[in-house]
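Each value in this text was obtained by applying a stated rule to the coordinates, not by laboratory testing. Predicted, not measured: the structure shown is a model, and the values here were computed from it. Every residue, glycine among them, receives a Cβ derived from its backbone with ideal geometry; neighbour counts consider all protein chains shown.
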Ligand SMILES: [Zn+2]
């Protein structure tokens, strides 16, 4: 097979994609958001995180990546200029139509890399669970998220609690896209969630396991409790931390894709006990 000239589908011809599909069946969909990330981070932080992870993992494994989904479920950031949000049902529809197109072309294993963490996950998981059960049972789906694969390295790296626009996600974008971070706007300020939402709230997405009760807030409440848009201190962010955080996750994704290339499905393969 000829070497593919790019891992990005939008940079290939249809003939190159068809050639890829003769021997490969994996594709990555990077998803993120266009939402405010405080005064120091660009609106694209989450999508840039997904793009960077997808691109570097794909280059190391030779799999293809779709154009990124730049919009996610960001309604709670709607009080800030530039935020562009999809309702959960719209995001479900976008992912579902992308999966239908990819499946029709012959892709069999679809990996979503989500940079928007917890906010996109309900819609993404609903989309792939429904597709896999009711419509595309032969297509394999996986959802990869820093929130789930970077817990260990995050607890070693971060010096402050990590929530929206925090030390780690700012470090990540700083490492890969340094021109996009406003260094003078990094902040020591953080939101005291317990003061607002009580002791079962969570102000550290990568903190130790605790008892948490979900309390979704709306954009009006968010603007009131976090007027700058940032929830967490970002002053300890650095490109060095971003590199360690990024490389750690890329290694996991590469390791996973290597395994996925060998995965032949469950039906008819699992021995009855
Ligand atoms: Zn983010």
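Calculate how steeply helix 239-262 sits against the longest principal axis of the alpha-carbon atoms of the chain, using the helix alpha-carbon long axis, and give the answer as 0 to 90 degrees to the nearest 10. In the chain, helix 239-262 runs at an angle near 30 degrees to the longest axis. With a/c under 1.5 counting as rounded, go ahead and sort segment 202-273 into rounded, prolate or oblate using the C-alpha gyration tensor (a ≥ b ≥ c being the square roots of the eigenvalues; past the cut-off, prolate if a/b is larger than b/c, else oblate). The shape class here is oblate. Taking a ≥ b ≥ c as the square roots of the eigenvalues of the Cα gyration tensor, segment 148-245 is oblate, since a/c reaches 1.5 or more and a/b is not larger than b/c.
Could you tell me what percent of the DSSP beta bridges with both partners in segment 19-135 are antiparallel, to the nearest 5? Around 15 percent antiparallel, to the nearest 5.
Of all the Cα-Cα pairs you can form in the chain, what percent are over 31 Å apart? Within the chain, distances greater than 31 Å cover 28 percent of Cα pairs. Take the alpha carbon atoms of segment 57-117, find their center, do the same for segment 195-273, and report the distance between the two centers in whole angstrom. Centre-to-centre distance over Cα atoms comes out at 17 Å.
Rg and Dmax of segment 23-115, based on Cα coordinates, read 14.2, 47 Å.
How big is the antiparallel share of DSSP beta bridges in the chain, given as a percent to the nearest 5? Roughly 10 percent of the DSSP beta bridges within the chain come out antiparallel.
Helix 14-23 and the long axis of the chain differ in direction by around 70°, with both axes built from C-alpha atoms. Between residue 129 and residue 211, what's the calculated FRET efficiency when r is the beta-carbon distance and R0 is 22 Å? Round to 0.05. Using R0 = 22 Å, I get an efficiency of 0.25.
Give the relative contact order (percent, whole number) for segment 9-262; include only Cα pairs under 8 Å separated by 6+ residues. Taking the mean separation of contacting Cα pairs over the length of segment 9-262, I get 24 percent.
Nearest 10 degrees is fine. How inclined is helix 45-61 to the longest principal axis of the chain, computing both from alpha carbons? Roughly 30 degrees between the two axes.
Taking 0.36 nm per residue of separation and subtracting the Cα-Cα distance, full extension of the segment from residue 151 to residue 270 would add 39.8 nm.
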